Structure formats: C-alpha cells, structure tokens
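The values are calculated or read from the model by the stated rules, or taken from the named source; none is laboratory data. Since the model is a prediction, treat every value here as computed from it, not as a measurement. Every residue, glycine among them, receives a Cβ derived from its backbone with ideal geometry; neighbour counts consider all protein chains shown.
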Amino acid sequence: MTLVQLRHFLSIAETGSFTRSARACFLTQSALSRSLRALEDELGQPLFDRIGRRSEPTPFGRSLLERARQLVHDADALSAAGLRATGAAPERLRVGMGSGPGALLTPALLQRAARPDAGLRIDIQHGDVPRLVEALRRRELDALVVEVRSFPPLPGLRIEPVVALRGAFMCRRGHPLARRRRPLRFDDLLAYPIASTPLGDHVVRALVDTYGPAAHPDLCLSLRCTELAPLVEATRHSDAVLIAIRAAAPDLAELRVGASGTGGAHFGLVTLARRTEPAAVAQLREAIAQHLREDAAPTSARSSAT
C-alpha cells in the first residue's frame with residue numbers, strides 16, 4: 001500500500017468518477033484503475049460499486065475514508081514540516097469563510113500573506129457553511145471563520161469564539177435619513193429599501209424585540225443577497241439602508257434608530273477537535289483580532305469541543 005494509491009482512492013471517492021479523477025491526477029484512466037485494483041487486492045475487498053455513471057464507495061470503502069484522509073494528511077504535514085525546517089517552504093493556511101467573515105477579513109488576510117516577510121501561503125474559500133464544514137472534515141481546510149451563534153454544535157468540531165462585532169443600520173452619506181435632526185424610528189427606514197444578507201435567528205430576535213414585528217426580515221427586507229460586498233456597493237450608490245456589521249462599511253453613515261438592536265455578530269474559529277492545530281491557525285487568530293480590534297470587543301476565552 002502506498003500514499004499514491006490512497007490519494008487515488010480519495011480522489012475517486014470525492015469525484016465519483018474514474019474519468020474526472022484520472023484527469024485531476026494527470027493519469028490515464030487505465031493507470032488509475034490499475035492503481036486502485038492493486039490497493040483492492042492488498043486489502044482483499046472491493047472499494048467502489050458502479051451505480052449508473054457514478055462510482056460509489058462500498059461499505060468497506062466508506063469505512064476506510066477517514067483513516068485514509070488522516071494518513072495522507074499526516075504525510076503531507078510531515079513533508080511540509082521538513083521543508084519549513086530547512087526554510088524551503090512557508091506555512092500554509094487553508095481557511096473557509098461565510099459571507100460576513102469573508103467580506104471583512106479576506107482583503108486583510110490576503111494583504112498579510114502578500115508581505116515579503118510573511119512566511120505564509122494562504123488559500124481562502126468562500127461558500128455556504130455546510131459545504132465548508134464538509135471540506136474541513138475532509139481536511140481540505142484547516143479552519144473556518146463563522147458566526148458562532150448561528151453555528152450548531154457538531155460532533156468532532158471545536159468552536160472557539162474570537163471577537164464580538166457591533167451591528168448597525170447604515171446608508172450613504174447625504175442620504176435623506178442621515179440629514180434628519182430628530183431621532184429615527186424603525187418606521188422611518190421602511191420608506192426606503194432595506195438590504196441585508198440572510199440573518200441568524202439571534203439577529204432576527206433582536207430586531208423584532210427592539211422594533212416590533214415590522215422589523216422581521218421577511219417583512220422589511222427589499223434587497224437580500226448571500227454576499228455582503230454587493231449589498232454594501234448598492235447602498236453606496238442608492239437610498240437603500242443596510243443592516244450589517246459596522247466594520248463592513250466604515251465609509252457609510254450610521255443611523256441611530258431608537259435603541260440600536262441589530263444584534264451584531266460573534267466571529268470565531270471552527271477546527272477539528274482532538275487534532276493538532278496547524279501552526280498557521282495561530283496567525284489567523286491573530287489577524288482576526290488585529291484587523292477587527294477597533295470595532296470588536298474580545299469575547300470570553302471559552303471554547304467548546306463536541
């Protein structure tokens with residue numbers, strides 16, 4: 001059994017296709033098939049069933065997936081450690097982020113890694129949280145940055161709060177609401193399009209508790225997008241009012257609407273429990289706190305592993 005054979009096995013399991021895996025591994029399909037057959041012969045069990053056009057792991061194959069991923073991950077970590085010890089390779093950080101964290105942190109992390117003395121290679125993935133969690137479990141990512149209050153406890157994952165961020169109502173400078181002298185009510189906002197990313201239950205509760213049923217996103221939102229950056233840009237060039245983390249758009253004007261009750265956000269790290277933390281994750285933690293320190297209050301140092 002070789003690491004190359006295990007990599008081929010994992011590639012087929014991920015793609016469900018010998019053709020796509022052969023292309024990804026820069027092999028002919030016959031060479032990939034021979035590699036897998038040699039692994040099956042050594043293990044004494046078939047690893048895949050053909051179901052239509054897709055290759056699905058057999059029950060025995062599924063039982064090997066996690067162990068194969070761990071072996072390949074450990075081998076890669078050993079190789080990287082050796083290269084770093086000789087100064088031949090920088091630290092590598094693979095991080096996944098949802099919409100809010102991605103909008104706030106991606107530019108700062110890329111700029112940090114671009115410094116000549118950074119000693120860091122960074123790969124950033126944006127996407128929906130369930131897909132990122134699967135990538136973390138497959139060890140394709142080292143950590144996730146998420147809104148921890150919207151993240152459910154999941155087996156095998158460690159959740160570490162890092163910073164708490166203030167939410168706000170925002171609009172372009174010169175907006176009619178920004179020129180009002182009297183205190184604003186939520187009803188005043190309803191005269192204009194209200195924009196937001198999908199909001200967590202804790203934010204929805206805070207809005208409704210503070211401003212009443214009319215503040216429920218299903219009733220008040222005119223503009224909703226899973227990505228924050230387009231909403232910020234639309235707010236800069238229209239009369240829309242944005243509900244978001246204040247730090248996401250410091251150039252916009254903040255509106256004081258009664259008792260500010262937008263709920264804010266608590267960003268944190270999600271990593272695999274009971275696994276040695278990659279050294280680069282410490283740099284990620286530091287970068288989050290440093291970049292957001294003016295708009296964030298450190299949360300308690302608690303963490304949870306489920």
**Study point:** Matching residues in the range 136-156 - criterion: being among the hydrophobic types (A, V, I, L, M, F, W, C) and closer than 23 Å to E91 by Cα
**Key:** L136, L141, A143, L144, V145, V146
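For every residue, the table says whether it meets (1) assigned to a loop (DSSP other than H, G, I, E, B); (2) over 18 Å from L284 (Cα atoms).
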{"position": "P101", "(1), (2)": "no, no"}
{"position": "T106", "(1), (2)": "no, no"}
{"position": "R112", "(1), (2)": "no, no"}
{"position": "P116", "(1), (2)": "yes, no"}
{"position": "I124", "(1), (2)": "no, no"}
{"position": "P130", "(1), (2)": "no, yes"}
{"position": "L154", "(1), (2)": "yes, yes"}
{"position": "R158", "(1), (2)": "no, no"}
Point to revise | Boolean, L207 is more than 15 Å from the chain's Cα centre (by Cα) and within 23 Å of L292 (Cα to Cα) | key: no
Exercise for review: Show the residue pairs that are 6+ apart or on different chains and have beta-carbon atoms under 7 Å apart, the first residue being within the range 132-151 and over 15 Å from L105 (Cβ atoms), the second being among the polar types (S, T, N, Q) and in a strand (DSSP E or B).
Suggested key: A135/Q125
Point to revise | Set V208, V204: member being surrounded by 15 or more Cβ atoms within 10 Å (Cβ to Cβ), under 23 Å from L104 (Cα atoms), in the same structural domain as G258 (by TED's automatic domain parsing) and in contact with a His (Cβ under 8 Å, 6 or more places away or on another chain) | key: V204
Revision key, fill the gap. Flagged pairs (Cβ under 6 angstrom, 6 or more apart or on separate chains; first in the range 268-284, in the same structural domain as A114 (by TED's automatic domain parsing) and surrounded by fewer than 18 Cβ atoms within 10 Å (Cβ to Cβ); second outside any helix (DSSP H, G or I) and modelled with pLDDT under 80) are A273/A305; A279/E91
**Study point:** Selected residue (only one of E56, E140 is part of a strand (DSSP E or B) and either at pLDDT 85 or above or touching a Ser or Thr at 6+ places or on another chain (Cβ under 8 Å) (or both))
**Key:** E56
